């Protein structure tokens, strides 16, 4: 009898145990996963399963030398979720789980109870530096899901899920900014997604460090109850070279920067990658914006980032080039 391998599939916040024979293929594994999760094999993307030199149909699990209880991270959507997304009314807002935070609620950022939480994160949260921090650089903090990456649409490669102009945008930003990735998920997912997108090894830019959900804090919003947010004060408290004056954060969910509203820019979410890859140019235009900020603005908190598309730097001369070189 062939040896069986116990595996754990992580999907949608849950773990599923699967026992499968070593002589089975990756395609067989996907069928087992479908039986457990109801996600069809063709909808599944196994992020950290490295298959080299063979197609999934040919590759035997035994050849992958998987350790017992190896955790495989899966992305994929149920058919009913896909159908619902495709038939939703067109007049619904792009982001259904965001909150319209009123200006009066921004006082949250100054409350001692939350500042104390930030101070604890500064003390206790461990940041692993991936690449050297560069003196004199500004700071760009980026979300992943729906900001850089469509994490719900199914595809055969990371390139199909990646937001257009991502590498060009990061290459341009790296000239003026140290870049940090902060996602409201766990560190393993962040690492795998950055590998999938090729961000972790790109020759033209470097990521300073990653931050995950453990660096976030919970706050009580008057209208919406308890919500988890990303306080930039955790970074500012750990690294003196970064301050509110030189930091900007992109996120598709506004509430994530409720603790630092003057430093957050709500990016349009990148969804349905298969439909929008040829038309989405958000990063192309934002590249120009953050280039202007770095060159002409001494204090990012003095700029209303909600109006970034209309931003006209006071220091730019009339004859100066206004076109971004991100396409090049």
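The values are calculated or read from the model by the stated rules, or taken from the named source; none is laboratory data. Worth saying up front: this structure is predicted, and the values here are computed from it rather than measured. In this analysis, Cβ positions are derived from the backbone assuming ideal geometry, glycine residues included, and neighbour counts consider all displayed protein chains.
Residues that are at pLDDT 90 or above and in the same structural domain as residue 126 (by TED's automatic domain parsing), at least 3 per element: which helices (runs of 4 or more DSSP H) completely within segment 153-198 meet that? Don't jump to the end; show me each part of the working.
Working: elements: 158-161, 166-174, 187-197.
By residue number, 166-174, 187-197.
Look at residue 227 and say whether it is touching a helix residue (DSSP H, G or I) at 6+ places or on another chain (Cβ under 7 Å) and either surrounded by 14 or more Cβ atoms within 10 Å (Cβ to Cβ) or part of a loop (DSSP other than H, G, I, E, B) (or both). Give the derivation first.
On the way: touching a helix residue (DSSP H, G or I) at 6+ places or on another chain (Cβ under 7 Å): yes; either surrounded by 14 or more Cβ atoms within 10 Å (Cβ to Cβ) or part of a loop (DSSP other than H, G, I, E, B) (or both): yes.
Spelling it out, residue 227 is indeed touching a helix residue (DSSP H, G or I) at 6+ places or on another chain (Cβ under 7 Å) and either surrounded by 14 or more Cβ atoms within 10 Å (Cβ to Cβ) or part of a loop (DSSP other than H, G, I, E, B) (or both).
In segment 250-276, how many are within 17 Å of the chain's Cα centre (by Cα) and either surrounded by fewer than 17 Cβ atoms within 10 Å (Cβ to Cβ) or outside any helix (DSSP H, G or I) (or both)? Let's see the steps before the verdict.
Initially, segment 250-276 is screened for residues within 17 Å of the chain's Cα centre (by Cα), giving 250-257, 264-273.
Remaining after also requiring either surrounded by fewer than 17 Cβ atoms within 10 Å (Cβ to Cβ) or outside any helix (DSSP H, G or I) (or both): 250-253, 264-272.
Qualifying residue count for the region: 13.
Can residue 210 be described as more than 16 Å from the chain's Cα centre (by Cα) and in contact (Cβ under 8 Å) with a residue 12 or more places away in the chain?
On the way: more than 16 Å from the chain's Cα centre (by Cα): no; in contact (Cβ under 8 Å) with a residue 12 or more places away in the chain: yes.
The answer is no for residue 210.
Test of understanding: among 88, 119, 107, which residue is modelled with pLDDT under 80 and assigned by TED's automatic domain parsing to the domain that holds residue 233? Walk me through it before giving the result.
Details: 88 fails: assigned by TED's automatic domain parsing to the domain that holds residue 233; 119 fails: modelled with pLDDT under 80.
Just one listed residue meets the conditions, 107.
Specify which of the listed residues (243, 247) is assigned by TED's automatic domain parsing to the domain that holds residue 140, surrounded by fewer than 20 Cβ atoms within 10 Å (Cβ to Cβ) and either modelled with pLDDT of 90 or more or on the phi < 0 side of the Ramachandran plot (or both). I'd like the intermediate steps shown before the answer.
Working: 247 fails: surrounded by fewer than 20 Cβ atoms within 10 Å (Cβ to Cβ).
Going through 243, 247 in turn, just one is assigned by TED's automatic domain parsing to the domain that holds residue 140, surrounded by fewer than 20 Cβ atoms within 10 Å (Cβ to Cβ) and either modelled with pLDDT of 90 or more or on the phi < 0 side of the Ramachandran plot (or both): 243.
For segment 199-219, give me each residue that is in a helix (DSSP H, G or I) and surrounded by fewer than 20 Cβ atoms within 10 Å (Cβ to Cβ). First the steps, then the outcome.
Taking segment 199-219 first, the residues in a helix (DSSP H, G or I) are 213-215.
Once the filter is applied, which keeps residues that are in a helix (DSSP H, G or I) and surrounded by fewer than 20 Cβ atoms within 10 Å (Cβ to Cβ), segment 199-219 yields 213, 214.
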